[in-house]
Amino acid sequence: MKCLIVAAGQGSRLREKTDLKPLIPLRGVPLIERVISGARHAGIDEFLVVSGYRGDELRKHLDSLGKQDGIRIEHVINDEWNRANGVSLLKAKPYLSEPFVLSMCDHLVDPDILRGLISAAVEPDRVTLAVDFDIANPLNDPLDVTRVKCNAGRIETIGKLLPDFDAFDTGIFLCNPIIFAGLEESQSAGDDSISGAMNVLARWQKAFVFDIQGKVWIDVDDPADVEKAEKLLDSGKL
């Protein structure tokens, strides 16, 4: 199975530590390499990476990594990287005609989350999001994460500012190509985000959830998150 990693944005909140967020070192290893390594431990062996901001530098680094470690990495270029993340995903449409895993370049997860998500039954024409129902866990900032309202294994609605929610979006999805139809519908309504596409799929009853059951994940967005991630790595939880 392929894994698509969205890595096109600027990552301005980490500017004091790095000019290129995917390459920020966590205990000496770039963030995106940590993401790729976790996916490989879950059994994924082929990657597509969407790059945009300072893309030449990132692609050069990934080409070197692929050659060094024997990893199949294909590039997708998003020259509209200043738009929302759904644009990056839609750029990959020509490369993906079968089920695939979608990951953000700044989300680190326990590989068991990926294993469980991949091993779940792959139904046609649905997208499944790994969600965390432990919304009291202080590891991730509740004011910054994307919120999800679930019902009977499906997504009712998703967004940053939901007043009524029962789960957090971990940034890991098991996708079928129907995600691209959702993106196109959402963009036609003026929403370029992946969450916008998931809300479209929720209305179509095609957006499902996978409970990570308390396993560890972290969204690395700012210097405080970097410190938390490094502590998790030191403890062996990631």
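For the stretch 2-235, the tally of Lys pairs with Cα-Cα distances below 17 Å comes to 9, considering only residues 8 or more apart or on different chains. With the simple model of a label 7 Å out from the Cα in the direction of the Cβ, residue 224 to residue 112 spans 2.8 nm.
Could you identify which residue out of 55, 70, 86 has the top mean-square fluctuation in a GNM of the chain using Cα springs shorter than 10 Å? Largest GNM mean-square fluctuation: 70. Averaged over its residues, the stretch 128-238 has an accessible area of 44 Å² per residue, based on protein heavy atoms and a 1.4 Å probe. Residues considered: 228, 60, 215. Largest GNM mean-square fluctuation over the chain, using C-alpha springs under 10 Å, is found at 60.
Expressed as a whole percent, the accessible area of the stretch 159-214 that falls on carbon and sulfur atoms is 49 (1.4 Å probe).
The ellipsoid that matches the Cα gyration tensor of the stretch 2-235 has semi-axes, each √(5λ) in whole angstrom, of 25, 21, 18, with the longest given first. For the stretch 186-233, the set of chymotrypsin sites (Phe, Trp or Tyr not before Pro) satisfying both a DSSP loop assignment and a count of at most 16 other C-beta atoms within 10 Å is given as 204.
Would you mind classifying the stretch 35-106 by shape? Square roots of the alpha carbon gyration tensor eigenvalues, ordered a ≥ b ≥ c; an a/c under 1.5 is rounded, otherwise it is prolate if a/b is larger than b/c and oblate if not. Cα axes put the stretch 35-106 in the oblate bin. Which distance in Å, rounded to a whole number, links the C-alpha centroids of the stretch 70-103 and the stretch 146-206? Between the Cα centre of the stretch 70-103 and that of the stretch 146-206, the gap is 18 Å. Built from the Cα atoms of the stretch 73-119, the convex hull projects on average onto 4.2 nm², one quarter of its surface area.
Can you give the charge dipole size of the chain about its Cα centre, rounded to the nearest 20 debye, using +1 on the beta carbon of Lys and Arg and -1 on the beta carbon of Asp and Glu?
300
Can you tell which of 103, 37, 195 shows the greatest fluctuation in a Gaussian network model of the chain with Cα springs below 10 Å? Per the Cα network of the chain with a 10 Å cutoff, 37 tops the list.
Per residue of the chain, the DSSP helices (runs of n ≥ 4 H) give a summed -39500 (n - 2.57) that works out to -9500 deg cm²/dmol at 222 nm. Per residue, the stretch 14-104 exposes 48 Å² of accessible surface when a 1.4 Å probe is rolled over the protein heavy atoms with every protein chain present.
The values are calculated or read from the model by the stated rules, or taken from the named source; none is laboratory data. Small disclaimer: the values here were computed from a predicted structure and weren't measured. Cβ: placed from backbone, ideal geometry, glycine included. Neighbour counts: every protein chain shown. The protein model used for the area step is the full one, side chains on, heavy atoms only, and it has no ligands, DNA or RNA in it. Shrake-Rupley method; radii C 1.70, N 1.55, O 1.52, S 1.80 Å.
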